Ligand SMILES: Nc1ncnc2c1ncn2[C@@H]1O[C@H](COP(=O)(O)OP(=O)(O)OP(=O)(O)O)[C@@H](O)[C@H]1O
Ligand SMILES: [Mg+2]
């Protein structure tokens, strides 16, 4: 297992956002975490990448316990995280954003290779290198956010709602890029409200409701699950 | 007319010193949204270190300046580490009160007999003053040295912030701490670096100020600190070019209002201009309009 989350409890102040959440991701997989607003999807990702501290429980990456590891060290260990809302550095140029993505790289030599790989997935970024990132369109910002995370050549990529606010065509494009990134060897943990698309590309899925995992299984199975169909796919049972 | 040009040159000299202080306020604010009220006191410590190292230790001036910058950089890092970092996620007022506490501690600690002492000290000129007379316009070698030093420091800062990896990380952190962490940036280290840079510049400002106005005491940082802070707000706090512009304006306002209106009113005039500008443009002259963060 590349990632194992065990009995994770996370609280904001006195409010518990995750209650004993447990899931795992195998190397090479695309796994998705679906759930409604406020279910705790982003919190789960933030606990993995060290942005919030777990109250109890464990996050294992390969064989290392990273529950208390500082966020900037976790990136160096090979976990990339595209946060909710993209959080691109609007005050930096596109090129500088990508450079920041490579900040943790020890091997400066392969920097050009990292740039080339990102331009291959997102050719549009190459045309806009000198542009201020704040002036990009929403779709371009999502591409930059993903490209930036890929600059560290992560082994595990956490994606928080990459389809948010994008047109249907762009959603298709982003999801096929996610599949392509995965085919090239990056394991993906995908958080989505767009359960329909997420269940298409993922091999396995977990359903989160008010801070608890309530369902899990192969994506193809969950697509047919009546409860999932009613609650997340908007289909009558 | 000649007299006015001379006053403008004096204002320029003062404005350049204010710029060195104002940059520290604006960079620290940009990165942790805190007004570092102890910053003016770091400026004072900078002046004293140069004084002690030239008078007591007989070091040459060109060693005293970088030494003072180095010691103040360390002081800035220690202040952040002890007084601000533990309060980073507390209510903002807590850090503000802590900042005022640090300021008082440095001022009164500095007044102790075995530290700097409570009295005014006269700073001996590190080199003989030369006045040039260019058909009435008088320029001194001190003015030239202030100008050259500040331009070199500002160019160096501009290079650091715009071109180096750490400078880009500073800008990334000032935009969003969590997003910067996700890049593998050690946010605490970048904040320390920012305090070190700002404090070193303030120290240089303190030394230049004490050469131009050769009297120092442990409370000498208060008024220039306040003026430089005003300059940073006037220019748009968080903006580096804004701090420079605000400081140059502030220097002129100070000198010209003392020369042509009233030296008693010069502080009141400076703060009145600040209030007027903020009424028209709340984000300052070069500040971002709209909310800081979306
Ligand atoms: N910084 C915070 N402070 C306090 N409570 C928070 C904070 N962030 C999240 N929460 C709470 O934790 C719970 C889980 O939030 P989280 O952002 O993980 O949900 P989510 O599943 O990502 O929702 P969405 O689909 O809307 O992004 C929510 O009840 C939310 O209100
Ligand atoms: Mg979320």
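Values quoted throughout were computed directly from the atomic coordinates according to the rules given, and no laboratory measurement underlies them. Predicted model only: the values in this text are computed from it and were never measured. Note that each Cβ is placed from the backbone with ideal geometry, even for glycine, and that neighbours are counted across all protein chains shown.
Axis of helix A:111-121 versus longest Cα principal axis of chain A: the two differ by about 60°, to the nearest ten degrees. Full extension of the chain between residue A:124 and residue A:64 gives 17.9 nm of extra length, using 0.36 nm per residue less the Cα-Cα distance.
For the residues B:45, B:129, B:150, a GNM of chain B with alpha-carbon springs under 10 Å puts the largest fluctuation on B:129. Computed from the C-beta positions of residue B:112 and residue B:269, the FRET efficiency with R₀ = 35 Å rounds to 0.50.
Computed from Cα atoms, the angle from the helix B:2-32 axis to the main principal axis of chain B rounds to 20 degrees. Taking every alpha-carbon pair under 8 Å whose residues sit at least 6 apart, chain B reaches a relative contact order of 36 percent. As a size descriptor, the averaged projected area of the C-alpha convex hull of the stretch B:20-64 was calculated at 3.5 nm². May I ask you to derive the FRET efficiency for residue B:132 and residue B:63 from their Cβ-Cβ distance with R0 = 22 Å, giving the value to the nearest 0.05? That gives a FRET efficiency of 0.25. With neighbours defined as other Cβ atoms within 10 Å of a residue's Cβ, the residues A:196, A:232 order from fewest to most as A:196, A:232.
The Cα atoms of the stretch A:3-232 cover 46, 38, 31 Å along the three principal axes, with the biggest extent listed first. Over the protein assembly as shown, dividing the summed -39,500 (n - 2.57) contributions of all DSSP H runs of at least 4 residues by the number of residues returns a 222 nm mean residue ellipticity of -17500 deg cm²/dmol. Beta bridges from DSSP with both residues in chain A: antiparallel share about 50 percent, rounded to the nearest 5. In whole percents, the pair-distance distribution calculated for chain B from its alpha-carbon pairs, binned every 5 Å from zero, is 1, 6, 11, 16, 19, 17, 14, 9, 5, 2, 1, 0, 0.
Computed over the Cα atoms of the stretch B:42-135, pair by distinct pair, the Kirkwood hydrodynamic radius stands at 15.5 angstrom. Bridges between two residues of the stretch A:111-237, per DSSP, are antiparallel at a rate of about 55%.
Between helix A:168-183 and chain A there is an angle of about 90 degrees, using the helix long axis and the longest principal axis of the Cα atoms. Extending 7 Å from the Cα toward the beta-carbon at both residue A:167 and residue B:139 defines two label points whose distance is 6.0 nm.
By definition, a body whose alpha carbon gyration tensor gives a ≥ b ≥ c is oblate when a/c is 1.5 or more and a/b is not larger than b/c, and the stretch B:150-294 fits this oblate description.
Considering only A:80, A:211, A:134, the Gaussian network model of chain A with Cα springs below 10 Å gives its largest mean-square fluctuation to A:134. With a 10 Å cut-off between alpha carbons and a GNM built on chain B, which of B:86, B:241, B:66 moves the most? Evaluated over chain B, the most mobile residue of the options is B:86.
Dividing the mean sequence gap of close Cα pairs (under 8 Å, 6+ apart) by how many residues the stretch A:3-232 holds gives a relative contact order of 28 percent. The shape of the protein assembly as shown comes out prolate: with a ≥ b ≥ c from the C-alpha gyration tensor, a/c is at least 1.5 and a/b beats b/c. Rounded if a/c is under 1.5, else prolate if a/b is larger than b/c, else oblate: which is the stretch A:97-237, with a ≥ b ≥ c the root eigenvalues of its Cα gyration tensor? Prolate, because a/c is 1.5 or more and a/b exceeds b/c.
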